[in-house]
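Just below is one structure, and these are the notes that go with it.
The values are calculated or read from the model by the stated rules, or taken from the named source; none is laboratory data. It should be emphasised that the depicted structure is a prediction, and the values quoted were computed from it without experimental measurement. Ideal geometry is used to build each Cβ from the backbone, glycine not excepted, and the neighbour counts take in all protein chains shown. Keep in mind that these areas ignore ligands, DNA and RNA; they rest on the heavy atoms of the full protein, side chains included. Shrake-Rupley method; radii C 1.70, N 1.55, O 1.52, S 1.80 Å.
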Amino acid sequence: MATPLIIDTDPGVDDAFAIALAARSPEVELKGLTTVFGNVGLDLTTANALRLLAHLGRTDVPVVKGAEGPGGAADVHGADGLGGQALTLPENPVPISGEDVVRFFADTITPDTVVAAIGPLTNIAAAIEAGVEFPRLIVMGGGLGLGNMTARAEFNFWADAKAARTVIRKGNPVVVPLNLTQRCIADTEFLANIDPVLAGLTGTYRAYLAAHRDQNHSDREEGILVHDAVAVAEAIVPGTLKLETHGLDIDDEGALVGGKHQVEVAVETDWPALRSFMEQRLSV
């Protein structure tokens with residue numbers, strides 16, 4: 001039996017890789033994409049989610065529009081969130097679901113459902129506060145003494161620090177932090193090999209790749225960081241990431257700090273094996 005999976009997302013270049021990975025993995029049944037502001041504004045993240053599903057031949061997957069807020073990463077993902085490639089993707093004939101995002105979670109989540117949250121945590125926190133229980137919640141965000149918006153705060157947590165605090169304190173998440181994802185580089189050989197599934201979509205990474213070159217990452221090999229796909233891989237194949245329990249909390253800027261809340265944190269993975277898994281799923 002395939003595991004039901006919902007992805008809460010703000011597409012986003014690395015979101016696109018994560019969504020494609022889930023859409024091409026028989027281990028999971030993709031029950032929906034819930035959208036949130038983040039890499040760009042909500043209207044664009046929602047439009048991108050719809051177009052990505054159409055491109056992947058998955059118009060069976062509903063898209064539920066969630067929380068609005070300021071888009072804050074157009075310099076990395078492009079003004080449209082997909083490296084200027086969004087309008088090259090096909091229109092999705094299926095409209096946005098009219099269901100409220102919290103109601104969608106409440107109606108859709110079953111005891112075996114996994115939710116992968118790969119954007120700001122506004123939707124997830126609202127659902128938790130409304131009494132929705134997440135049997136397994138995997139969150140891409142945060143960093144242990146490491147940030148990409150400030151010295152200590154990662155973008156997804158920084159974008160809504162209050163929501164991140166709610167999730168850390170009440171959501172029992174698995175946190176996949178920058179400390180791990182920044183070691184998972186999809187190199188240019190990988191990017192060249194992921195046709196035909198992402199044919200026409202691989203152009204989305206060009207602005208992203210340029211941004212990484214400009215962010216003083218000269219010590220890294222050429223490639224892009226697939227933060228969100230690393231988290232979604234754990235949803236697809238549990239045990240892909242090695243987990244450790246840490247006592248954590250969230251401060252006012254969205255940085256992970258030491259605290260009393262026991263949280264599972266992904267600390268290691270076999271990146272060559274995970275890279276091969278991703279390449280196999282995205283090239284057949």
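Inspect all residues belonging to the range 122-138 and state whether any of them is under 30 Å from Gly57 (Cα atoms), basic (Lys, Arg) and at pLDDT 95 or above.
First pass over the range 122-138, keeping only residues under 30 Å from Gly57 (Cα atoms): 122-124, 127, 134-138.
Checking the rest, the ones that are also basic (Lys, Arg) come to 136.
Keeping just the survivors that are at pLDDT 95 or above gives 136.
Within the range 122-138 (the criterion being under 30 Å from Gly57 (Cα atoms), basic (Lys, Arg) and at pLDDT 95 or above), the answer is yes, since at least one residue qualifies.
To keep it simple, each residue is scored yes or no on (1) in contact with a Phe, Trp or Tyr (Cβ under 8 Å, 6 or more places away or on another chain); (2) free of Cβ contacts under 8 Å to residues at least 40 places away in the same chain; (3) not polar (S, T, N, Q).
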site	(1), (2), (3)
Ala231	no, no, yes
Glu244	no, yes, yes
Leu248	no, no, yes
Asp252	no, no, yes
Ala255	yes, no, yes
His261	no, no, yes
Val267	no, no, yes
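I'd like to verify a number: residues in the range 237-284 that are closer than 19 Å to Gly141 by Cα and among the hydroxyl-bearing types (Ser, Thr, Tyr), how many?
Summing the residues that are closer than 19 Å to Gly141 by Cα and among the hydroxyl-bearing types (Ser, Thr, Tyr) in the range 237-284 gives 3.
State whether the residues of the range 75-91 include one that is of a type in the set (A, V, I, L, M, F, W, C), open to solvent by less than 20 Å² (accessible area, probe 1.4 Å) and over 24 Å from Gly141 (Cα atoms).
Yes, that holds for at least one residue.
Under the condition of being surrounded by fewer than 19 Cβ atoms within 10 Å (Cβ to Cβ) and of a type in the set (Asp, Glu), which residue from the range 227-263 is nearest to Ala192 (Cα to Cα)?
Glu244
State the number of residues belonging to the range 108-120 that are within 12 Å of Thr34 (Cβ to Cβ), open to solvent by 10 Å² or more (accessible area, probe 1.4 Å) and not hydrophobic (A, V, I, L, M, F, W, C).
Number of matching residues: 1.
How many residues does the range 33-68 contain that are within 14 Å of the chain's Cα centre (by Cα) and either more than 22 Å from Ala159 (Cβ to Cβ) or surrounded by fewer than 21 Cβ atoms within 10 Å (Cβ to Cβ) (or both)?
Of the residues in that region, 0 qualify.
Pick out, from the range 173-284, the helices (runs of 4 or more DSSP H) lying fully within it that include 3 or more residues that are at pLDDT below 85 and among the hydrophobic types (A, V, I, L, M, F, W, C). So that I can check it myself, show each step before the final result.
On the way: elements: 178-181, 188-193, 205-214, 227-236, 271-281.
Ranges flagged: 205-214.
Counting just the residues of the range 20-32 that are outside any loop (DSSP other than H, G, I, E, B) and free of Cβ contacts under 8 Å to residues at least 60 places away in the same chain, which one comes out most open to solvent (accessible area, probe 1.4 Å)?
Per the criteria, the residue is Glu29.
Kindly indicate whether Arg136 is within 17 Å of Ala18 (Cβ to Cβ), in contact with a helix residue (DSSP H, G or I) (Cβ under 6 Å, 6 or more places away or on another chain) and surrounded by fewer than 22 Cβ atoms within 10 Å (Cβ to Cβ).
The answer is no for Arg136.
Would you please list the contacts, defined by Cβ atoms under 8 Å and residues six or more apart or on different chains, that run from a residue in the range 67-80 that is modelled with pLDDT of 60 or more and part of a loop (DSSP other than H, G, I, E, B) to a residue that is small (Gly, Ala, Ser) and surrounded by fewer than 17 Cβ atoms within 10 Å (Cβ to Cβ)?
Gly78/Gly84
Among what's in the range 96-138 and is part of a strand (DSSP E or B) and among the small types (Gly, Ala, Ser), pick the residue that is farthest from the chain's Cα centre (by Cα).
Residues of the range 96-138 part of a strand (DSSP E or B): 97, 114-117, 136-138.
Okay, now just the ones that are also among the small types (Gly, Ala, Ser), so 97, 116-117.
On the way: Ser97: 20, Ala116: 7, Ala117: 6 Å.
Looking at residues that are part of a strand (DSSP E or B) and among the small types (Gly, Ala, Ser), I get Ser97.
Going through the range 160-172 one residue at a time, which ones are open to solvent by 30 Å² or more (accessible area, probe 1.4 Å) and part of a helix (DSSP H, G or I)? Break it down into steps so the answer makes sense when it comes.
In the first step, residues of the range 160-172 are kept if they are open to solvent by 30 Å² or more (accessible area, probe 1.4 Å); the result is 160, 162, 165, 169-170, 172.
Those that are open to solvent by 30 Å² or more (accessible area, probe 1.4 Å) and part of a helix (DSSP H, G or I): Lys162, Arg165, Arg169, Lys170.
Does Val94 satisfy the criteria of being among the β-branched types (Val, Ile, Thr) and surrounded by fewer than 18 Cβ atoms within 10 Å (Cβ to Cβ)? Show your work before the answer.
Values: among the β-branched types (Val, Ile, Thr): yes; surrounded by fewer than 18 Cβ atoms within 10 Å (Cβ to Cβ): yes.
Yes, satisfied.
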